[in-house]
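The values are calculated or read from the model by the stated rules, or taken from the named source; none is laboratory data. All values reported here derive from a predicted model rather than from experimental measurement. With ideal geometry, Cβ positions are generated from the backbone for all residues, glycine too; neighbour counts draw on all protein chains shown.
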Amino acid sequence: MRALIELCDVYKIYSHDVYALAGVSLRVCAGEFVAIVGSSGSGKSTLMNMLGCLDTPSSGKYYLNGMEVSALCDSTLCEIRNRHIGFIFQGYNLVPSLSALENVELPLIYRGLPREKRRLLAHDALQRVGLSGRLSHSPSQMSGGQQQRVAIARAIAARPPIILADEPTGNLDSASGAEVLAILRGLREKGRTIILITHDNKIAAKAARIIHMYDGKITLDQSAEERLTDSHGIAAGDDYTETLPQTPPGATFENSNDTTAKIACEGE
């Protein structure tokens with residue numbers, strides 16, 4: 001099957017030999033539900049930025065639906081993000097002065113859609129996440145779980161093929177977190193490609209495929225079936241503690257900069 005997403009030996013190196021990604025190769029096919037899991041500094045956020053066309057590699061290649069996007073200009077990457085990728089973040093990033101419907105509608109304005117079409121898509125997205133009765137509510141009038149569902153509706157309103165979810169349950173109680181994961185699984189069943197970024201192995205275990213990261217490298221890539229029969233005895237939700245590769249000589253690792261403001265400015 002042709003890969004929707006393909007990274008080929010991708011490095012991201014900052015000044016003073018700071019390796020955020022160190023030779024990452026990855027294929028994701030359409031319709032997969034993939035969790036990328038790792039502790040702080042593992043490179044998972046940098047990988048998300050790369051997959052979301054928010055950053056470009058220092059070396060290596062990134063193909064999105066067969067097109068190399070590694071060296072495209074910022075304006076072209078912005079267009080790709082706006083049309084092909086929906087982002088969900090831990091912090092919701094809703095505009096406090098806007099209603100739920102207006103928050104979901106906002107990125108559709110940047111796509112140049114007429115008002116009637118925007119309203120229809122926004123209303124449909126909120127209905128799909130169970131918030132058709134909260135269209136006029138502002139963020140302050142909603143619970144954290146409801147705000148995150150508005151953020152999901154905003155991400156899916158334009159019906160992008162790829163959803164990137166960065167710690168989407170991090171600020172939620174267990175019941176609200178379970179609702180969010182159920183929505184993501186439902187989107188996958190409708191053919192969306194879901195990539196979930198998390199530090200929590202139990203959350204990652206809900207995905208059909210788990211990719212573990214450590215020091216900018218992929219150290220384990222397992223499907224749900226492989227996890228059940230793994231010869232190392234790693235069950236879904238367990239910590240992965242096998243000896244991991246050493247970092248490149250003289251290299252250090254750190255998280256990439258927060259990019260939510262960049263997306264917000266673009267209306268994604």
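Only one of these is at positive phi, modelled with pLDDT under 95 and more than 17 Å from the chain's Cα centre (by Cα): Gly191, Gly130. Name it. So that I can check it myself, show each step before the final result.
Numbers: Gly191 fails: more than 17 Å from the chain's Cα centre (by Cα).
Only one candidate qualifies: Gly130.
For the range 65-78, how many residues are surrounded by 15 or more Cβ atoms within 10 Å (Cβ to Cβ) and on the phi < 0 side of the Ramachandran plot?
Our first condition is that a residue be surrounded by 15 or more Cβ atoms within 10 Å (Cβ to Cβ); within the range 65-78, this holds for 65, 69-70, 72, 77-78.
Narrowing the set further to residues that are on the phi < 0 side of the Ramachandran plot leaves 69-70, 72, 77-78.
Adding up the residues that qualify gives 5.
Return the residues of the range 107-122 that are within 23 Å of the chain's Cα centre (by Cα) and modelled with pLDDT of 95 or more; say none if nothing qualifies.
Passing the criteria: Leu121, Ala122.
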**Study point:** Scope the range 27-58; condition under 14 Å from Gly216 (Cα atoms) and among the hydroxyl-bearing types (Ser, Thr, Tyr); matching residues
**Key:** Ser39, Ser40, Ser42, Ser45, Thr46, Ser58
Practice item. Scan the range 37-64 residue by residue and report those that are within 18 Å of Pro161 (Cα to Cα), of a type outside the set (S, T, N, Q) and buried (at least 18 other Cβ atoms within 10 Å of the Cβ). Key: Met48, Met50, Leu51, Gly52, Cys53, Leu54, Tyr62, Leu64
Check your understanding: If you check every pair at least six apart or on different chains, which have Cβ atoms under 6 Å apart with a residue in the range 91-106 that is modelled with pLDDT under 95 first and a residue that is part of a loop (DSSP other than H, G, I, E, B) second?
Key -> Leu106/Gly267
Review point. In the range 36-46, is there at least one residue being under 28 Å from Leu131 (Cβ atoms), modelled with pLDDT of 95 or more and not polar (S, T, N, Q)?
Key: yes
